[in-house]
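What follows is calculated from the coordinates using simple rules that are stated; it is not laboratory data. A quick note: this is a predicted structure, and the numbers were derived from the prediction, not measured. We place every Cβ from the backbone using ideal geometry, glycine too, and count neighbours over all the protein chains shown.
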Amino acid sequence: MPGAPNPTLITLPWASSASSTYKLSPIPNPSQQPNPRASYTDGFPPQTTGAGGTPPDIRDFNGVLADLSSNIVAWTAGENWGFEAAVAEEDEGYAGGAIIATADGSGFWLNINSAGNSNNPDTSPAATSGWVPVSQYGIGAVTGLTNANVTLSAAQAGKSIITLAGALTGNVQIIFPAWMKQWLVVNNTTGSYVVTCKTASGTGVAVSQGQATQLWGDGTNLNPVVPGTIFQTAANASSIAVGQTYYISKNGVTARTNTTTQAADPDLQFTNVPAGTYDYELTFYAYSSAAGYGISAYLAIGAGAVNFLTANQQATNYSGFNSNFAVQTSSIETLQLDYLGGNPDLAGWFAVMRVTGKIQTTALQSLELTWAQNVSSANTASVGYGSFKLTRLL
């Protein structure tokens, strides 16, 4: 008959109602010799075989079948074993790729240690246990936060949702294990301080109060989740492949006061961009502390040949703003974006600028945003940066 076999469903262990007079279970591991009784070391010993031997004891037969069928019944019922020190000791540790249940029954651990692993994943430090979560149900709650850093336990970090609570009296770091895993972090703390989620030796992300922030671990650092893109925290694009999008974003304002000198913002910088053709997209939020003062921004290129193939600009201008926006496209090494050069009637956030285009590089490059006031003034001109995306086409 084709297909998988359809055996009789075993719902009770063998001899489940037999008394100890007729069943020895569990069968002992150590040898019982010279007693001719069964053990997991010897099985039925030599004394029970051959002419003149001692017949096997019916209690051992029933005991062996009871032990084996008990395991089968448990698997049939969907049960899974958690960490067992006796198993780790007997087998010289769990083998690489072994999957066991969590102690609370909410999910499973995967052993990524190719050598025998005798660490208990539920009690050992998550960073060094050699176990990683496969799937775990529930929420990892971190409460009572004040001003001390907290290292997540394995049970907390194994959950995909982490909640943070407490009245902060100082900045706090939440230390995650360097796992390749995704988390949703909900910051319910109070107090005017910063909570940063990071790995012990890698980089991390500040999570805003009252917000739910998605993070993903790459095995070294924690990164914010940006749908459809690769978030490049190190800003080193040397490995960017055709079809990949790298994305850098920044929240917060940087200002220039009484200077027209360009200055770079390292948070919006790609280094080691390989030769190729790229789509780029720059988004800025522009601000001035007084009317009549503007900003010039530049996409600055490192040494090497660059061709600006196309450029398009989109500006959302608020009431009273007279745009003086221009995009230069040529085979020069700087794309100048002059904007906010008019005379806005109102100070404050008054323009959102978005520039897209294509560039072609023929040598290893660096790309960074630089900007300056277009008029030297004691008034402050600022840019609250939005994002810088780079997609390799060829």
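Note on Leu364 and Ser31: their simple-model spin labels are 6.6 nm apart, each label 7 Å out from Cα toward Cβ. Calculated over segment 138-225, the projected area of the Cα convex hull averaged across directions stands at 4.7 nm². In order along segment 164-175, phi translates into HN-Hα couplings of 10, 9, x, 9, 6, 10, x, 5, 9, 10, 9, 8 Hz, rounded to whole numbers, per the Karplus curve 6.51 cos²θ - 1.76 cosθ + 1.60 with θ = phi - 60° and x for Gly and Pro. For the pair Ile58 and Glu92, label points projected 7 Å from Cα toward Cβ lie 4.2 nm apart. The modelled label-to-label distance between Tyr22 and Thr41, using points 7 Å beyond Cα along the C-beta direction, is 3.0 nm.
Projecting the alpha carbon convex hull of segment 1-85 along each direction and taking the average yields 8.8 nm².
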